[in-house]
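Encoded as structure tokens, the structure appears first; notes follow it.
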Amino acid sequence: MAQKTWTLLDGQHNLFGGDGVVIDASDVGGSQQGYVIKAWTEHAGLSQGVQRVSIDNGTLTVDVLPTRGMSLWRAAYAGANGEEFLGWKSPVRGPVHPAYVPLSEASGLGWLDGFDELLVRCGLESNGAPDFDASGQLKYSLHGRIGNRPAHFVQLSVDGDTGEITLIGEVEECRFHFLKLRLRSTIRTRLNSNILEITDEVINLSASRAEIQLLYHVNFGIPLLDAGAQVVAAPQRVVPRNDHAAEGIASWHHFGAETAGFAEQVYFLELFADGQHKTRTLLKNAHGTRGASLVYDTRQLPYFSLWKNTTAVEDGCVTGLEPGTNFPNPRSFEGTHGRTVPLKGRASARFELTLAYHPDEESVTEAEQAIRRLQTSPPQVANRPDANWCA
Amino acid sequence: MAQKTWTLLDGQHNLFGGDGVVIDASDVGGSQQGYVIKAWTEHAGLSQGVQRVSIDNGTLTVDVLPTRGMSLWRAAYAGANGEEFLGWKSPVRGPVHPAYVPLSEASGLGWLDGFDELLVRCGLESNGAPDFDASGQLKYSLHGRIGNRPAHFVQLSVDGDTGEITLIGEVEECRFHFLKLRLRSTIRTRLNSNILEITDEVINLSASRAEIQLLYHVNFGIPLLDAGAQVVAAPQRVVPRNDHAAEGIASWHHFGAETAGFAEQVYFLELFADGQHKTRTLLKNAHGTRGASLVYDTRQLPYFSLWKNTTAVEDGCVTGLEPGTNFPNPRSFEGTHGRTVPLKGRASARFELTLAYHPDEESVTEAEQAIRRLQTSPPQVANRPDANWCA
Amino acid sequence: MAQKTWTLLDGQHNLFGGDGVVIDASDVGGSQQGYVIKAWTEHAGLSQGVQRVSIDNGTLTVDVLPTRGMSLWRAAYAGANGEEFLGWKSPVRGPVHPAYVPLSEASGLGWLDGFDELLVRCGLESNGAPDFDASGQLKYSLHGRIGNRPAHFVQLSVDGDTGEITLIGEVEECRFHFLKLRLRSTIRTRLNSNILEITDEVINLSASRAEIQLLYHVNFGIPLLDAGAQVVAAPQRVVPRNDHAAEGIASWHHFGAETAGFAEQVYFLELFADGQHKTRTLLKNAHGTRGASLVYDTRQLPYFSLWKNTTAVEDGCVTGLEPGTNFPNPRSFEGTHGRTVPLKGRASARFELTLAYHPDEESVTEAEQAIRRLQTSPPQVANRPDANWCA
């Protein structure tokens, strides 16, 4: 059996350092060939010190950031006509080391200084808009800490016979006297696959009860998000987050061209799922020739937020598909409405999310039809924010 | 004379880098053998960039953290039946680089994100609970800055004839227009000794007057802190910090078993000293077979705080023995009550603290008897907080 | 043509790492000899991780800090009697890595923790005193972010025939949803020149309008700033910033000896310029045998601040010559008075500043005479702060 495992990072053990490490079939053996995994540390600008793992499965390349909570930085698909970019172009020049992300800034918006990923987790104690106490002091900053916590342990496994590539990373979000949480993230792909499977285990390390939140902020920009792009989902219900979003409710799942000064619009959704509680959401381009979709379990991630931010490219034209344990409202509001996950002492919760790239019309259509089949009755589309869903 | 000195860190000079440095008798010569000193830089997780010196004197190993203000991270005693751990298991996975410790967080509690040491200094401008102004803005954060300031200079000396090992580190806590302080710390041990001697000089670098505070937060957990462990001290007076501590006053020096959700209790003490102004405080396990004690000068460190935090092991079961220039109340309160150390321009203050490990019943008993001899009259034990001592 | 270019820093490409890089005429060729450029990364204390470029043109050596926004750290002139230091001795032991500079501290004064440069830019979104909203929450911290943002790209060019040495650095100050600005800084000198030419381009990367501020905080201490040193300028108008400065208005351009506890005094000036809109300001020592001057365009930098801080040497005896787009008042105040630079989407602004060292009486006198010629009418010297200039 040609399976090999490398501990890339563990205490003083660090395969990211120096010139980094490059692993391919010549290191693994087995019948499967054509993949390459690299790990290295960045040196320049805001990226100084960022540890990065690039997994090229032969077709899909994805860059993972241990230093940023095992976020997926960007991906690329090796198409017939060259590389197809998956992710977005943030005005932030990342990947940004957490030392440059002022999470404790009084505004609660410091998280924005590091935001440029394809997939970043928001949590684990909280996510959503900044939350202040009565005196105006910040209680919970935007989208929480986990995206800016570094993994202390990273392990790579490659099976040279099946072509399965697995990257495990452990990240902790602990404060003495407060919550003690661990994320154990597994990212799995296979030779020449266009699919990434994420399995996250969130562990309450404490002997006492905890409440957590987790939201996957999955972000796409141009070229996928072209003028006329659409989100295809199977909503039971769609609610605009605020009055500004309500103005655009009629076209909530359509995207216009990038527009300088565009003010973001957010929609909150509950989605239908199949008998196994799985739902799927797709972003497809205007011509339906390219797409990306998410598959996940609505028992694990019952709420879905769609973030439309088709501002000018220079300012970060992007949409976020965001399955979560909650809506990204301030933590207190979500707590009041029961949208947190309770964890007994030493207990854990599991979250699975599959990200697929659809490189052609056939694949897009197939994904779209699967979603249409979930829509067993028409959605309720609200014209106004809902007091239980919208802070 | 076989004495050698290495500058481990000084500007661009850095013996921590790359694979680090290892120094033993083969580098020093002389008649004494069996010690080894290592210095290296950590790479993983919150420890990325932390410079660490491990001194093994043949019997006692102590890890010192230049990057965290020359804190003592952990120690271990090489007993007949294996290694005996000295320190505690914090839920924080350290040692934590200061870049990950948000001291300026509005709550004033950011210090907790880096707290996992056997001995960490709290100061130098202030220590104690967060202090806010009338508008609620943070003035002094929990336990001050010095524990999260990096040494700019580290020097090791070994005497191969006497077996004395000395580590000097210089750390500064300066802000333009505000206090300018330097800690020059000397940590000394000897071949096969179970004693660590710390001599700290705090220098006011300014031409103008300063006021400083210093508290040694010395922390022990399991196995020393087992159910039935006791603190042995020679108090003139014992005062519970608050009503919750007052509830436990009858057993202020006894420790129960670890208990999930245990709320910390703190006691403030003044201690008797001998003719040379030395006092001693001991923590011993339930059977009196292991202990650790502190010896220091009550003129330098007149106030003693005992922090009992026997929560679940996962949450950081620990007790703190904390000699200081003050009680860890907010800085303003302590200032009002005169518990700061004034320093004229360019003046300095000296603090000496000896930490001894007691690996057997005989040594524990000897330390205990020395303390009992100091207790020349019974302690005054208050049932309630004291308005002059407790904020 | 003997011209060579090195990319010192660009993504994973890093010539600062390991033992750094040294470049001299043997690498370049050409007729010009005697210069040497070094680049390396610092390891100790607050400087851990700071990338530094030292340019020695044969006569003048200047250290540039990519990690601190391309600041000029210090310079030195190779005089007949040894090295003459240009800069000042801050109580802060730098150069300080931005990870140790708490810009988001509620006081707004975190910038002071990193302040020790000969020349640091204040901006780009704002500079000046901290600015708070009505509830007391920090809106703009002291002197902005650019001085603590790291360059992501650094390029060195040397022309071996002309002896011209050019260092280009790019630094960004971007926050998603907020301003997106890039500084492209060019520092130019020539073999054996005592002149440094800085050309800064500030680019609005956004598609939407921005407003920026830029102030060059150019700082000199002892030996240039001796007792009796003077500033020579060509003011149209001089205004004391506050009542304390007003007390010293009669001697606004004279410096006394260093004095422990001296409280800083600041004067705001508008200066005369020549037909090409160039003005010059000189600091000369008491005997007029050494000096340093700034030349710049008053259309680009219409306001000038003189900061007198002749406190004890240990506390940072220093004066700041500060040409800017504005006075260093809180950002809101300056905005109200129109002292910001508007930039359309994708537009840029250019700033040029020349720093000359005058190593002898002749050169000082020449600079002084050039300034005297600009003074075509006597200055208006105000006895009190001006409500339009002084917050």
query: Amide H to amide H, which residues 5 or more places from B:ARG74 or on other chains are under 5 Å from it, using H placed in the peptide plane?
result: B:ASP63, B:LEU118
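Arrange the peptides C:215-221, B:292-298 so that the one whose residues have, on average, the most other Cβ atoms within 10 Å appears first. Can you show the working numbers first?
Details: C:215-221: 24.4, B:292-298: 21.9.
Result, highest mean Cβ count within 10 Å first: C:215-221, B:292-298.
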- line: Copies of A:THR365 compared via label points 7 Å along Cα→Cβ give distances in nm, shortest first, of 9.1, 9.1
- prompt: Magnitude of the Cβ-charge dipole of the protein assembly as shown, K/R +1 and D/E -1, about the Cα centre, nearest 20 debye?
  reply: 1900 debye
statement: Computed about the Cα centre, the charge dipole of region A:306-380 from +1 Lys/Arg and -1 Asp/Glu charges at the Cβ has a magnitude in debye, to the nearest 20, of 780 debye
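What's the magnitude of the charge dipole for region B:41-170 around its Cα centre, counting Lys and Arg as +1 and Asp and Glu as -1 at the beta-carbon? Answer in Debye, nearest 20. Walk me through the intermediate numbers first.
Details: 9 positive and 16 negative charges, 79 e Å.
About 380 debye.
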- prompt: Considering every residue in A:305-314, what mean count of other chain Cβ atoms within 10 Å of its Cβ is obtained?
  reply: 2
field: Percent RCO, i.e. relative contact order, over chain B, from Cα pairs under 8 Å lying at least 6 residues apart
entry: 16 percent
field: Karplus 3J(HN,Hα) series, Hz, for region A:83-95 with 6.51 cos²θ - 1.76 cosθ + 1.60 (x for Gly, Pro)
entry: 7, 10, 7, 10, x, 7, 9, 7, x, 7, 8, x, x
message: Need one number: nm distance between label points at B:THR365 and C:HIS287, each 7 Å from Cα along Cα→Cβ, rounded to one decimal.
response: 7.8 nm
task: Principal axes first, then extents: for the Cα atoms of the protein assembly as shown, list largest minus smallest coordinate on each axis, whole Å, largest first.
output: 89, 88, 58
field: Neighbourhood net charge (15 Å Cβ-Cβ; Lys/Arg +1, Asp/Glu -1) for B:ASP133
entry: 0
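Per residue of A:106-116, how many C-beta atoms from partner chains lie within 10 Å of its own C-beta, taken as a mean?
5
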- prompt: Summing Lys, Arg as +1 and Asp, Glu as -1, what charge do residues with Cβ under 9 Å from the Cβ of A:SER90 carry, A:SER90 excluded?
  reply: 0
query: Measuring from centroid to centroid over Cα atoms, what is the spacing of region A:162-195 and region C:141-172 in Å?
result: 38 Å
Hydrodynamic radius (Kirkwood) for region B:161-315, which is based on Cα pairs only, to one decimal in Å: 18.1 Å
- prompt: Nearest 0.05, what FRET efficiency do B:ALA263 and B:ASN81 give at R0 = 30 Å with Cβ-Cβ as r?
  reply: 0.30
field: Label-point separation in nm, C:ALA347 to B:LYS344, each point 7 Å along Cα→Cβ
entry: 6.1 nm
- prompt: Based on Cα positions only, what radius of gyration and what Dmax would you give for chain B, in angstroms?
  reply: 20.2, 64
- line: Lys and Arg at +1, Asp and Glu at -1: neighbours of C:ASP274 with Cβ under 14 Å from its Cβ sum to +4
task: Any chance you could list P(r) for region B:1-157, counting all Cα-Cα pairs in 10 angstrom bins from zero, rounded to whole %?
output: 10, 34, 32, 16, 6, 1, 0
field: Rounded FRET efficiency, nearest 0.05, which uses the C-beta distance separating B:THR199 from A:SER157 and R0 of 41 Å
entry: 0.25
- request: Evaluate the relative contact order of region C:60-188 (contact order divided by residue number), counting alpha-carbon pairs under 8 angstrom at least 6 apart; express in whole percent.
  value: 21 percent
- request: Find the chain C residue whose Cβ sits closest to the rotation axis that carries C onto B, and give that distance in whole Å.
  value: C:ALA99, 2
statement: With N residues in region B:1-85, Rg(alpha-carbon) / (2.2 N^0.38 Å) equals 1.18
query: Put +1 on the Cβ of every Lys and Arg and -1 on every Asp and Glu Cβ in the protein assembly as shown; which of B:PHE351, A:GLY128, C:VAL295 then has its Cα farthest towards the positive end of the dipole?
result: A:GLY128
message: Contact order normalised by length for region B:85-138, with contacts defined as Cα pairs under 8 Å and 6 or more residues apart; what percent is it?
response: 35 percent
task: Give me the distance between the Cα centres of region A:1-50 and region C:243-302, rounded to whole Å.
output: 56 Å
Three-way shape label, region A:216-270, alpha-carbon gyration tensor, a/c 1.5: oblate
task: First measure r as the distance between the Cβ atoms of B:GLU247 and B:GLN12, then evaluate 1/(1 + (r/R0)^6) with R0 = 41 Å and state the FRET efficiency to the nearest 0.05.
output: 0.15
query: What is the Cα centroid distance between region A:357-391 and region C:83-110, reported in whole angstrom?
result: 53 Å
query: Which whole number gives the average count of other chain Cβ atoms within 10 Å of the Cβ atoms across peptide A:128-137?
result: 3
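Where a number appears in this text, it was derived from the coordinates with a stated rule and is not lab data. Predicted model only: the values in this text are computed from it and were never measured. Because the Cβ atoms are built from the backbone with ideal geometry, glycine has one as well, and the counts that use them run over all protein chains shown.
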